[in-house]
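See structure below.
The values are calculated or read from the model by the stated rules, or taken from the named source; none is laboratory data. This one's a predicted model, so the numbers in the text were calculated from it and none came from an experiment. With ideal geometry, Cβ positions are generated from the backbone for all residues, glycine too; neighbour counts draw on all protein chains shown.
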Amino acid sequence: MESLNVMEGEMTHTLGTAPRILIPGAGTTADVLGKRPARAMSWRHRLSSKALMDILMVITAVLTYGLLAHQLDLSEQVIEWLKRYEPMQLDEMPFMLLLLSLGLTWFAWRRITEVSALLKSNRALTQMLLSTQEQERRAMARDLHDELGQASTAIRIDMAYIRKVMRTDPAAALNAFEGLDSACQRMQELSRDLLTRLRPPKLDELGLEVCLRDLCTRWQERHHTPCEVRIDALSPSLPDTIAIHLYRIIQEALTNIGKHALASKVSIELRTSPYLLTLIISDDGRGLPEASPGLGMGLLGMRERIECLQGQIHFEDAQPGLRIRMQVPVPRAAP
């Protein structure tokens with residue numbers, strides 16, 4: 001009876017407690033799930049502790065100065081000392097220092113405002129990038145499920161049918177082989193499209209110029225809008241980072257033009273010099289909206305890519321349309 005009571009108590013304790021999943025070397029599930037919130041709380045605690053320490057230091061300095069000024073009559077001594085230098089106008093020095101401190105305070109407030117705006121822009125861009133990444137993953141998953149799944153099912157059905165009629169009806173088996181061939185072609189086109197979306201395969205094989213011309217040709221066929229491309233001879237030693245960023249920038253620019261610009265003509269020009277690349281993208285569309293408070297997410301992404309390359313980007317009014325001028329330094333090749 002005693003053993004039964006012990007077992008019953010253990011069962012009651014087990015049923016009344018939430019189950020825990022143990023991971024070797026990682027602790028319980030609650031420990032694993034709680035690491036990030038705990039880490040975030042620790043950082044917030046550190047920041048609040050630093051702010052509190054700074055406030056205490058300021059208060060301590062002010063109180064120390066107040067005690068010393070009360071004991072030593074600092075104001076009276078400073079006034080008496082400044083009277084000696086009144087012909088040199090040094091008695092105006094306290095007001096000049098007060099104005100300097102106010103000016104430095106205004107300067108610091110302006111920089112804090114700029115940093116806050118920059119952080120807000122970076123957060124918006126990060127959210128946009130994450131959203132775009134999830135949309136791309138969702139689109140790829142849908143394509144894989146719809147196209148690849150249907151093609152695989154069709155191949156299995158055709159193979160089963162071929163086994164069934166291969167000896168009794170060779171003509172029907174031949175028709176089924178043609179269906180297999182079309183299904184394989186669809187799978188090949190899907191894989192090529194997915195690979196192009198992940199990374200242009202021609203970029204490694206044929207270089208940036210061929211990829212850009214192919215991109216503009218496909219965009220022109222899809223949107224029925226002339227796209228003129230002028231590219232100087234590019235160095236074969238162009239860094240891969242610059243090549244892929246320029247490709248993505250032009251891809252994003254063409255996407256924006258196709259969606260918003262309503263342009264009838266597009267021009268892309270890539271000029272080269274020994275240590276500088278100049279990219280100019282122009283269209284005769286609507287340009288940037290006048291009521292827009294800032295750049296859209298696509299243009300912000302382009303600006304971030306250019307800044308990653310230590311370059312400069314300018315958005316100019318082409319009247320009509322928009323002209324985007326970018327300059328990217330090219331690092332010198334190692335001797």
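Any residue that is surrounded by 12 or more Cβ atoms within 10 Å (Cβ to Cβ), part of a helix (DSSP H, G or I) and either touching a Pro at 6+ places or on another chain (Cβ under 8 Å) or without any contact (Cβ under 8 Å) to a residue 40 or more places away in the chain (or both) - is there at least one of those in the stretch 117-128? Yes: the stretch 117-128 contains one or more residues that are surrounded by 12 or more Cβ atoms within 10 Å (Cβ to Cβ), part of a helix (DSSP H, G or I) and either touching a Pro at 6+ places or on another chain (Cβ under 8 Å) or without any contact (Cβ under 8 Å) to a residue 40 or more places away in the chain (or both).
State the number of residues belonging to the stretch 268-284 that are in contact with a helix residue (DSSP H, G or I) (Cβ under 7 Å, 6 or more places away or on another chain) and charged (D, E, K, R). Result for the stretch 268-284: 1. Filtering the stretch 273-297 to residues that are at pLDDT 90 or above and of a type outside the set (D, E, K, R) leaves Leu276, Leu277, Thr278, Leu279, Ile280, Ile281, Ser282. Criterion applied to Thr153, Thr168 was being part of a loop (DSSP other than H, G, I, E, B), β-branched (Val, Ile, Thr) and outside the structural domain of Cys211 (by TED's automatic domain parsing), and the one residue passing it is Thr168.
Scanning the stretch 220-249 for residues that are assigned to a helix (DSSP H, G or I), among the hydrophobic types (A, V, I, L, M, F, W, C) and closer than 16 Å to Thr272 by Cα gives Ile242, Ala243, Leu246.
Scanning for something out of contact with any strand residue (DSSP E or B) (no Cβ under 7 Å at 6 or more places or on another chain), in the same structural domain as Asp284 (by TED's automatic domain parsing) and surrounded by 17 or more Cβ atoms within 10 Å (Cβ to Cβ), does the stretch 218-235 turn up at least one residue? No, there is no match, as no residue in the stretch 218-235 is out of contact with any strand residue (DSSP E or B) (no Cβ under 7 Å at 6 or more places or on another chain), in the same structural domain as Asp284 (by TED's automatic domain parsing) and surrounded by 17 or more Cβ atoms within 10 Å (Cβ to Cβ).
Identify all residues within the stretch 226-241 that are within 21 Å of Gly298 (Cβ to Cβ) and modelled with pLDDT of 90 or more; write none if there are none. Give the derivation first.
The initial filter retains those residues of the stretch 226-241 that are within 21 Å of Gly298 (Cβ to Cβ), namely 227, 229, 241.
Within the stretch 226-241, Cys227, Val229 qualify.
Return the residues of the stretch 205-217 that are assigned to a helix (DSSP H, G or I) and surrounded by 12 or more Cβ atoms within 10 Å (Cβ to Cβ); say none if nothing qualifies. Before you say what the answer is, go through the steps one by one.
Applying the first criterion (assigned to a helix (DSSP H, G or I)) to the stretch 205-217 yields 205, 208-217.
Those that are assigned to a helix (DSSP H, G or I) and surrounded by 12 or more Cβ atoms within 10 Å (Cβ to Cβ): Leu208, Glu209, Val210, Cys211, Leu212, Arg213, Asp214, Leu215, Cys216, Thr217.
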